[in-house]
Amino acid sequence: MKKIFKSLCIAVVAMLGMSSSALGETDRSNVLKIYNWSDYIDESLLEEFKTWYYEQTGEKVEIVYQLFDINEIMLAKIERGHADYDLVCPSDYIVERMLNLGLVQPISHDFGSTPDYTSNVAPFIDELFGKLNAGVNEDGTKRDARDYAVGYMWGTVGFIYNKKYVKAEEIQSWGGLWNPKFAKMFFLKDAFRDVYSPMLIYLNADRIAAGEVTIEDLMWDTSDESIKAVEDLLLSLRDNVLGWEADFGKDMMTQEMAWISLGWSGDAKWAVDEAKAVNVELDYLVPQEGSNVWFDAWMIPKYAKNVKAASYFINFLCMSENAIRNMDETGYVSVIGTPEVLEAMSERAMEEGTTSTVDASYFFEGQTEVVLDPILYPDRSVIDRCALMHDSGDRTEVLLEMWSRVKGDSARGWMKVLIGVLVVGAIAAAVVVKIRGGKKKKRK
Ligand code: SPD
């Protein structure tokens, strides 16, 4: 509930910000409005972008930077609120959804004499993009999602755990959550898709092992039967959950308020590093049954007003040095796979005392035995048991109903109120802008 409240506040503040800027500025062409996940960038880059953009184009730009921590809230603002963000950062399955709902526009790679740094994106990310159901072009050919999105960060879903209380062997299975020893000592991610998928994998572990179904197949499965099975499973766990977190789980882990958190690898890296400072030893693993590999990507909504600055901003983030800074700041792994990134990340791992190697050749060509932090770049064997999620289309509603029942709160009610507030706010802003526009015309 606290998290929903926080999200509501973020969204309302964001909405007010949007309305006031919409009211205060008639000319939006020198403003870049970015809507990103919280804790997901080195914020000093925002200021530096302004200078860089001026150097490249001779044009000035101001940045309005707003935050979300739930994919579906960001989506609602674009889909229903028609918010005029120039850049948003959805996850893979929402990339699919935004493409198929026609909510985005193609990204231009015309940067004049500025190099196109988006070519720094690792082929591994291109492969993930290739798995998206991106729909078809007007001429019936298969659409390439990369024409509409450029990757940002990627990672896995797994367990962040405290080594003092939890042995790795105890959570090699998602079933470790049912160990009475961990009752009321773990958080679940408050992101229904990110919990549904691992639970479905857990339920189907025997069938996966027998070759009857693949993890990839399961990522499309939103049948009534599967949703019911996951619901029953989660209901049997509900009384043991300490809380549902969208972003505070990593802090809770560093403070030893919880022993386990089902979450994202980037948060794990951040928490592991922070915890060291207070002598708390955290680690991260992806259970043996398999999991979800995900990526977030930049997209330009169709209601965007400054597409030029938006595409330059994406390009700026794809420069190796900026990708490294974002990784250092957030704990998340950039999609950039250049030798500079490899060198920096390998150096970091050695400085932090990592001596073991991973096979990271899926990401850095030829790197089958390289010293890297396995939380950031898991061994190929881990990646091989992970798959990408997909848009649940009109089944999303059914999944949300299930999630609401599982959490036993009025999450859905809150979500509806929140979306209502956003839509009413956006309409109010539009009406005021129209009235002001009308008045201006009269004055003329
Ligand atoms: N605090 C930033 C978190 C962004 C992580 N996105 C992961 C989405 C996985 N579906």
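The values are calculated or read from the model by the stated rules, or taken from the named source; none is laboratory data. In this text the structure is predicted, and so the values were computed from the model without any measurement. Methodologically, a virtual Cβ is constructed for each residue, glycine included, from the backbone with ideal geometry; neighbour enumeration extends over all protein chains shown. We work out accessible area using only protein heavy atoms, side chains counted, and drop any ligands, DNA or RNA first. Shrake-Rupley method; radii C 1.70, N 1.55, O 1.52, S 1.80 Å.
What is the residue count in the stretch 282-306 for residues that are out of contact with any Pro (no Cβ under 9 Å at 6 or more places or on another chain), of a type in the set (Phe, Trp, Tyr) and closer than 30 Å to Ser173 by Cβ?
Residues in the stretch 282-306 being out of contact with any Pro (no Cβ under 9 Å at 6 or more places or on another chain), of a type in the set (Phe, Trp, Tyr) and closer than 30 Å to Ser173 by Cβ: 2 in total.
Which residue, of Ala268, Ala275, is crowded, with 17+ Cβ neighbours inside 10 Å and away from the ligand (no atom under 16 Å from the Cβ)?
Numbers: Ala268 fails: away from the ligand (no atom under 16 Å from the Cβ).
Every option except Ala275 fails the conditions.
Which of (1) open to solvent by less than 20 Å² (accessible area, probe 1.4 Å); (2) part of a helix (DSSP H, G or I) does Phe111 not meet, given it meets every other one?
Just one mismatch for Phe111, condition (2).
Can you name every residue in the stretch 291-316 that is open to solvent by less than 10 Å² (accessible area, probe 1.4 Å) and within 16 Å of the ligand (Cβ to nearest atom)?
Ser291, Asn292, Val293, Phe295, Asp296, Ala297, Trp298, Met299
Do any residues in the stretch 74-103 that are touching a residue at least 60 places away in the same chain (Cβ under 8 Å) have Cβ atoms under 6 Å from those of residues that are β-branched (Val, Ile, Thr) and open to solvent by 10 Å² or more (accessible area, probe 1.4 Å), where the two are at least six apart or on different chains, and which pairs are they?
The qualifying pairs are Ala76/Ile419; Arg80/Val423; Gly81/Val423; Met98/Val104.
Determine whether the stretch 233-251 contains at least one residue that is under 14 Å from Asn162 (Cα atoms) and free of Cβ contacts under 8 Å to residues at least 24 places away in the same chain.
Yes, because at least one residue in the stretch 233-251 is under 14 Å from Asn162 (Cα atoms) and free of Cβ contacts under 8 Å to residues at least 24 places away in the same chain.
So Glu47 ticks every box in (1) out of contact with any strand residue (DSSP E or B) (no Cβ under 9 Å at 6 or more places or on another chain); (2) open to solvent by 10 Å² or more (accessible area, probe 1.4 Å); (3) assigned to a helix (DSSP H, G or I) but one. Which box is left unticked?
Here Glu47 meets the rest and fails (1).
Within the stretch 136-245, considering only helices (runs of 4 or more DSSP H) that don't extend past its boundaries, which have at least 3 residues that are closer than 26 Å to Ser334 by Cβ?
Fully inside the stretch 136-245 and qualifying: 192-203.
Does the stretch 223-243 contain any residue that is of a type outside the set (Gly, Ala, Ser) and within 16 Å of the ligand (Cβ to nearest atom)?
Initially, the stretch 223-243 is screened for residues of a type outside the set (Gly, Ala, Ser), giving 224-225, 227-228, 230-235, 237-242.
Keeping just the survivors that are within 16 Å of the ligand (Cβ to nearest atom) gives none.
No, every residue in the stretch 223-243 fails to be of a type outside the set (Gly, Ala, Ser) and within 16 Å of the ligand (Cβ to nearest atom).
Any residue at all in the stretch 335-349 that's part of a strand (DSSP E or B), under 30 Å from Lys164 (Cα atoms) and of a type in the set (A, V, I, L, M, F, W, C)?
Here is the first cut: in the stretch 335-349, the ones part of a strand (DSSP E or B) are 336.
After this cut, where a residue has to be under 30 Å from Lys164 (Cα atoms) as well, the list is none.
No: the stretch 335-349 contains no residue that is part of a strand (DSSP E or B), under 30 Å from Lys164 (Cα atoms) and of a type in the set (A, V, I, L, M, F, W, C).
Are any of the residues in the stretch 71-79 open to solvent by 10 Å² or more (accessible area, probe 1.4 Å) and over 19 Å from the mean Cα position of the chain (by Cα)?
Checked the stretch 71-79: no residue is open to solvent by 10 Å² or more (accessible area, probe 1.4 Å) and over 19 Å from the mean Cα position of the chain (by Cα).
Among (1) open to solvent by 10 Å² or more (accessible area, probe 1.4 Å); (2) more than 15 Å from the ligand (Cβ to nearest atom); (3) of a type outside the set (Phe, Trp, Tyr), which single condition is Ala191 missing?
Single failed check for Ala191: (2).
Among the residues of the stretch 50-77, which ones are under 23 Å from Cys318 (Cβ atoms), in a helix (DSSP H, G or I) and aliphatic (A, V, I, L, M)?
Met74, the sole residue that qualifies.
Check off (1) open to solvent by 70 Å² or more (accessible area, probe 1.4 Å); (2) in contact (Cβ under 8 Å) with a residue 24 or more places away in the chain; (3) of a type outside the set (Asp, Glu); (4) within 27 Å of Pro123 (Cβ to Cβ) for Ile201 and give me the number that stays unchecked.
(1)
Checking the conditions here, which among Asp116, Asp86 is buried (at least 22 other Cβ atoms within 10 Å of the Cβ) and among the charged types (D, E, K, R)?
Asp86
Please enumerate the residues belonging to the stretch 353-367 that are surrounded by 14 or more Cβ atoms within 10 Å (Cβ to Cβ) and either of a type outside the set (Asp, Glu) or not in a loop (DSSP other than H, G, I, E, B) (or both).
Those that are surrounded by 14 or more Cβ atoms within 10 Å (Cβ to Cβ) and either of a type outside the set (Asp, Glu) or not in a loop (DSSP other than H, G, I, E, B) (or both): Thr354, Thr357, Val358, Ala360, Ser361, Tyr362, Phe363, Phe364, Gln367.
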